[in-house]
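J.: Handing you this structure, nothing more for now.
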Amino acid sequence: VIRRALERGVNFIDTSQFYRVYPPIARALKQYSASDDVVIATKSYAYDAIGMQAALEEALRELHRDYIDIFMLHEQESMLTIKGHWGAVEHLLTAKERGLVRAVGISTHTVRGVRAAALVPELDVISPLINSAGIGIVDGNRDDMVNAIEFAAACGKGIYAMKPLGGGHLMDRVDDALAFLLGMGSVASIAVGMKSSSEVEM
């Protein structure tokens, strides 16, 4: 499925230590001639430097990469949780200086998380949950999240959207759902979940 997605022009892979799928990603990349052009973003729930060091080493080793394009704190809720994981952030910043990570960020299902990360200079990228119906947003509605994303983009953060189809709830209106996000100038990339070759083709 991953190889087919790459062959069809997908050039961005969103994953996580928690998902336990580094080996199949690595196998697909090995079979794809332009694998160096594929951007990989991954995440970890690690909250301190020791845990994040292990998470980064695991990603580099299992993905057979010399660096990770984007490495993020997984599922942050607010400034409080970002500060609570600051030891992990500091390790990623050191790794960035060493060329092992190109960008540091967070993923979040909350408006608060987006707004908090926008104000942290050390964070480069935010991956917020956003879709045309607002499905899954923990602390607000679609428009609240859109406003937060636009604020973050104005603060210089790179944005890539997750859950564009609302966890499958918007499968009957895929074109409209994707058009909504593609129309947001503040969104640089969209991570669409696919679990079969037919979904890739669709």
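J.: Report, in debye and to the nearest 20, how large the dipole of the chain comes out about its Cα centre when Lys and Arg carry +1 and Asp and Glu carry -1 on their Cβ. If you can, show how the numbers build up before the last one.
T.: On the way: 20 positive and 25 negative charges, 63 e Å.
For this selection, approximately 300 debye.
J.: Can you give me the orientation-averaged projected area of the convex hull built on the Cα atoms of the chain, in nm²?
T.: Mean shadow area of the hull around the Cα atoms is 10.3 nm².
J.: What is the dipole size for the range 64-145, taken about its Cα centre, with +1 at each Lys and Arg Cβ and -1 at each Asp and Glu Cβ, in debye to the nearest 20?
T.: 80 debye
J.: Quick one, what does Rg over Rh come out to for the range 21-72 if you take C-alpha atoms and the Kirkwood Rh?
T.: 0.99
J.: Could you state the number of Å between the C-alpha centres of the range 152-201 and the range 18-79?
T.: With the range 18-79 and the range 152-201 each reduced to a Cα centre, they are spaced 20 Å.
J.: How high is the relative contact order of the chain, in percent, counting Cα pairs under 8 Å that sit 6 or more residues apart?
T.: Across the chain, relative contact order equals 17 percent.
J.: While we're on this one: Per the Kirkwood treatment, what hydrodynamic radius in Å, one decimal, follows for the range 43-121 from the mean inverse distance over all distinct Cα pairs?
T.: 12.4 Å
J.: Three principal axis extents, largest first, for the C-alpha atoms of the range 131-202, in Å?
T.: Sorted largest first, the three principal extents are 38, 22, 18 Å.
J.: If I compute solvent accessible area with a 1.4 Å probe over the protein chains, what percent of it on the range 1-136 is carbon and sulfur? Intermediate results must be reported in sequence, preceding the final value.
T.: Details: 3260 of 6420 Å².
The C+S portion of the solvent-accessible surface of the range 1-136 is 51 percent.
The values are calculated or read from the model by the stated rules, or taken from the named source; none is laboratory data. These numbers come from a predicted model, not from an experiment. We place every Cβ from the backbone using ideal geometry, glycine too, and count neighbours over all the protein chains shown. Side chains are part of the model used for accessible areas, which takes the heavy atoms of the whole protein and leaves out ligands, DNA and RNA. Shrake-Rupley method; radii C 1.70, N 1.55, O 1.52, S 1.80 Å.
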